[in-house]
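The values are calculated or read from the model by the stated rules, or taken from the named source; none is laboratory data. Predicted model only: the values in this text are computed from it and were never measured. Don't worry about glycine lacking a Cβ; one is built from the backbone with ideal geometry, like all the others, and counts go over all protein chains shown. Just the protein is used for accessible areas: all its heavy atoms, side chains included, with ligands, DNA and RNA removed. Shrake-Rupley method; radii C 1.70, N 1.55, O 1.52, S 1.80 Å.
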Amino acid sequence: MKTAALLKKQKPSSIDALPDECLFEILRRLPRSRERCIAACVSKRWLMLLSSIKSSEFVGDHKGSKTLPDLNCTEPWELDQDISFESCGQLMRCLEAEEANDVRLAAIAVCASEGSGLNKLTIRGGNSTCKVTDLGLSAVGRCCSSLSALSMWRLPLVSDVGLMAIADGCSNLENIDFSHCRSISDKGLIAIAKKCPNLVSVTIDSCPGISNDGLQAVGRYCSKLLSISVKDCPLVGDKGISSLVASSSSSLMKIKLQNVNVSDLSLAVIGHYGKAVTDISLTALQNVTERGFWVMGNALNMVSLTSCTVSCCPGLTDLGLEAMAKGCPLLKHLCVRRSSNLSDAGLKSVSLFARMLEGLQLEECNRITLKGVLDGLLSCNARFRSLVMIKCLGIRDIAYYPQELPTCRSLRSLTIRGCPGFTSSSLAVVGKICPNLCQIDISGLVGVTDSGILPLIETSESRLVKVNLEGCVSLSDASISSLVKSHGSTLKFLNLDGCVKITDRSLLAISANCSVLKDLDVSRCSVTDFGVAAIASSEKLNLRTLSLAGCYAVTKRSLSFLGKMKESLEGLNLQQCKLINAHGIGSLEEKLWWCDIIS
């Protein structure tokens, strides 16, 4: 009787009764990755145990043997529906916000071990919601030896322990991107640099634990490094940057430094060793002076540089910019933002010495004047194609122009935005100097009227393709009618957002003259149902996108016209059209089922 009672109380036998050590030995003897992936679905315990087994610890893994496929077996990647493949066949995975946790990472690590394995992993977390820790990252390190790219954003619980696990198991790593990972330090970065010699791209953003030692290790051990980007790392200074650039001088092609504690020394080293550098971006380098830019240019060794961006660097002056223009013979694209010490003299030096320059962007450079810009255009090379000026308060009308204006026939694209002193008289002069413009963007220039835009249209010898007049509140139908009559056969993009004087007359002209127009924006214009009907019924138009947002005179009567638009229409914006109700929008969506409608 006692024996029977004991048998009743005794729990049924189960494999789960085995300790972890025994289960570990059983699971590591599963013959193939497919069986391991299926076993991982049994329970969280089995999943975590499988993810703790290194690839080298599995027994009887015959990857090279050919077996008949089991048609009833679920493929490993089907167990994790969010795994995706790039066009080149590489397996990649992205975890975001709340779905980013250790269990998910463990599942990815186990199930992605089939075939070529996981190649790219991106984890986007948050300071409060992300639950990814070193445990999940260690699982990836043990199971994903083929990992080539790792991006981690806002993972406060990941430390050097996780990075060292990645370094131990992922020796093929080529790209790392660590952003706002406040618990990692040089120790983890050094481990990756030592054990991942194939690194070609390193991005460090807002990681306060990373200092000079980590960057020195990257330069010392990663001889194939092509790109380095360091942003908002207060412990990074000249020692780290100089050592990295000098060690990787033969391969380094792209350098991006933002808000780090470097001085003229780092720029001098870049100038001396940057023979292979093609792209450089320097932002908010408060300790760099005029001497740093001057030395970097006069080193005469940056012979491969084609693109240069300098933002919020008070040390950039006319002298430094001249030295860079002389010392970088292949410079094609130059962008300068928020430079209070740059004047017309520096701009003239660029136009004289940068003979390969194709594009120039100036943003919030308030000492640059319109006279300096015109002088630069007249002395620029025949390759110069694009000029962008944004929020340059010194760009304003000048009182005197020479009677005979030389021309700059090479310029194809002109952008002038947020320059309130630039009005119609200046625009007319620019049109005469640059007769071959194909793209014009003068959005936000409230001082431009028909008297400025009409001469530009009339003097244009080339056909305009892209025109952005957003916020030009003084323009009327006369300008738009002239524009489309002269350039309707080539015009592909037209933005009239906020041009309150534009009416149905412009839409009638567009529908009659524009045969290749793809994108039309008449938001906040004074158009009505009549104009919409003209656009919708046009035989010539094959619009891809149409925006009528904020057109208060457009009513539900327009819906019947819009419902007949061609299948080329991919996007329709009807936001803030208050006279169109939800029922009407629903009916329109049924008719234009292929189109993305915003209401």
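Quick rundown of the values:
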| quantity | calculated |
| --- | --- |
| Cα-derived Rg over Rh, computed across the chain with Rh taken as Kirkwood radius | 1.09 |
| Dipole of the chain, positive end: most advanced residue of Ser482, Ser43, Gly452 [Cβ charges, Cα centre] | Ser43 |
| Residue-span extension gain [Thr122 to Val303] - 0.36 nm each, minus C-alpha spacing | 61.6 nm |
| More than 20 angstrom apart: percent of Cα pairs within the stretch 447-598 | 43 percent |
| √(5λ) per eigenvalue of the Cα gyration tensor, the stretch 212-252, largest first, Å | 17, 10, 8 |
| Exposed chymotrypsin sites (Phe, Trp or Tyr not before Pro) absent: longest stretch of the chain, with sites in DSSP loops and at most 11 other Cβ within 10 Å deemed exposed | 1-399 |
| The stretch 354-379 residues near the modelled Thr459 label - backbone nitrogen below 17 Å, point 7 Å along Cα→Cβ | 370-379 |
| Check: the stretch 447-598 dipole with +1 on Lys, Arg Cβ and -1 on Asp, Glu Cβ, in debye | 200 debye |
| Nearest-ten-degree value, helix 102-111 long axis tilted from longest Cα axis of the chain | 80 degrees |
| Pairs from Lys466/Lys578; Lys326/Lys391; Lys187/Lys254; Lys131/Lys224; Lys254/Lys432; Lys332/Lys485 whose Cα-Cα separation, in the structure shown, is over 32 Å | Lys131/Lys224; Lys254/Lys432; Lys332/Lys485 |
| Stretch gain in nm, segment Lys432-Ser489, where the contour uses 0.36 nm per residue and the Cα spacing is subtracted | 18.3 nm |
| Potential extension, Leu18-Ser451 segment - 0.36 nm per residue separation minus Cα distance | 147.1 nm |
| Of all accessible heavy-atom area on the chain, the percent that carbon and sulfur account for (1.4 Å) | 53 percent |
| In degrees, nearest ten, helix 370-379 long axis to first principal axis of the chain (Cα) | 80 degrees |
| Selection of GluC sites (Glu not before Pro), the stretch 502-590, meeting DSSP coil and at most 10 other Cβ within 10 Å | Glu539, Glu567 |
| Value in Å of the Kirkwood radius, where the stretch 114-256 supplies the Cα pairs that are averaged | 14.8 Å |
| Solvent-accessible area per residue for the stretch 447-598 (1.4 angstrom probe, square angstrom) | 44 Å² |
| Nitroxide proxy distance, nm - points 7 Å out along Cα→Cβ at Gln576 and Lys224 | 5.2 nm |
| Between helix 450-459 and the chain: long-axis angle, C-alpha atoms, 0 to 90°, nearest 10 | 90 degrees |
| Leading residue at positive end of dipole, the chain (Cβ point charges), from Leu155, Ile416, Val429 | Leu155 |
